[in-house]
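The values are calculated or read from the model by the stated rules, or taken from the named source; none is laboratory data. Nothing here was measured: the structure is a model prediction, and the numbers come from that model. As a convention, Cβ positions derive from the backbone with ideal geometry for all residues, glycine included, and neighbour counts pool all protein chains shown.
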Amino acid sequence: MIMKRPELLMCDIDGTLVEKGGVPEGKTRKILQILHDEGVMLGLASGRPVDQRTIGRFRNWGYDFDPDIVIGVNGCEIWDKISKQKRKFNYLPKEMTRKILDYMWDLDINVCVFEDGYNKVLARRKDWMIEESMNRNKSNVIFADKERFCENDIPKLEFHYNEEEYEDIINELLSHHKDEGYVWIKSFYGTLEFMKPGIDKGIALEMICKELSIPLKEVIACGDMDNDIAMLKKAGVGICLANGSKLTKEAADFVTENDVYHDGLGEFLFEYLDIES
């Protein structure tokens, strides 16, 4: 099936458009420029906070334009180029943060909170993800104890861990600590995120499309991990990368033949949109 041009192409960043910390290459790089030149709106939907680092992502990649829409922190933050305003939704209450930390803290795994975007990041310790963020995003990281994490309502509570060592332990803990006050999702391998119910990338996509009068059926959404599922389901067409999680592949309309390391999204979109390379 060949699709006409969408009104909006909405993409996750890490694992979809680029390797974590990378830049778009090959046909993936070309397709973004082609669609922009043809008047298709381009959006980023990420677990990252919305600030100038995210809004300026395309320019950092060497393009001469900004995204039209940015959905951040898995839907808790939205920015668009028309209003140039960032809106915040559904922060996790500090009481829920304490409740989660009461049973997760003893695992001795890293904890991370974007208290004010990358300008104020709380972390339990420096791990490779925190170090990369400090180097790549110039994050201002404050190393904090348990009590400090519980001082304010937050967009999400993020844990980093070694999958081989902790995956089964964490899954067992989660099965015994279900609560209507929070939901959890795996946004990257070895990354677990807790958020307040009622917001996700799909809900945020629907909200911004309504504001900008974009029919959801005219949206192509692309992702790779569980936090992208709601967005892929909400869009007219949902595409999962070959490197994506099992659940995300099952939720998508299409799965690319190649993974993000081998230009998977660009290869797929060139063929799907019938663009000559």
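Scanning region 139-171 for residues that are closer than 25 Å to Pro197 by Cα, hydrophobic (A, V, I, L, M, F, W, C) and either touching a strand residue (DSSP E or B) at 6+ places or on another chain (Cβ under 7 Å) or not assigned by TED's automatic domain parsing to the domain that holds Ile109 (or both) turns up Phe149, Ile154, Leu157, Phe159, Ile170.
Of all the listed residues (Ile71, Ile78, Ile34), the sole one being β-branched (Val, Ile, Thr), at pLDDT 95 or above, surrounded by fewer than 21 Cβ atoms within 10 Å (Cβ to Cβ) and more than 18 Å from Phe159 (Cβ to Cβ) is Ile34.
When the residues of region 38-80 are filtered to those that are in contact (Cβ under 8 Å) with a residue 40 or more places away in the chain and among the aliphatic types (A, V, I, L, M), the one that is farthest from Lys120 (Cα to Cα) is Met41.
Checking region 93-111 against the condition returns no match, with no residue being part of a strand (DSSP E or B) and under 30 Å from Glu7 (Cα atoms). Here is the figure for region 171-183: residues that are within 13 Å of Leu101 (Cα to Cα) and surrounded by fewer than 19 Cβ atoms within 10 Å (Cβ to Cβ) total 3. Only a single item in (1) within 18 Å of Asp80 (Cβ to Cβ); (2) under 21 Å from the mean Cα position of the chain (by Cα); (3) without any contact (Cβ under 8 Å) to a residue 60 or more places away in the chain; (4) assigned to a loop (DSSP other than H, G, I, E, B) is not met by Val23, and it is number (1). Taken together, the criteria place Lys88 among residues that are out of contact with any Leu (no Cβ under 6 Å at 6 or more places or on another chain) and at pLDDT below 95. Of the residues making up region 136-149, at least one is of a type outside the set (A, V, I, L, M), within 22 Å of the chain's Cα centre (by Cα), surrounded by 15 or more Cβ atoms within 10 Å (Cβ to Cβ) and closer than 28 Å to Gly56 by Cα. Taking the conditions (1) modelled with pLDDT of 95 or more; (2) within 25 Å of Gly266 (Cα to Cα) in turn, Gly21 satisfies each one other than (1).
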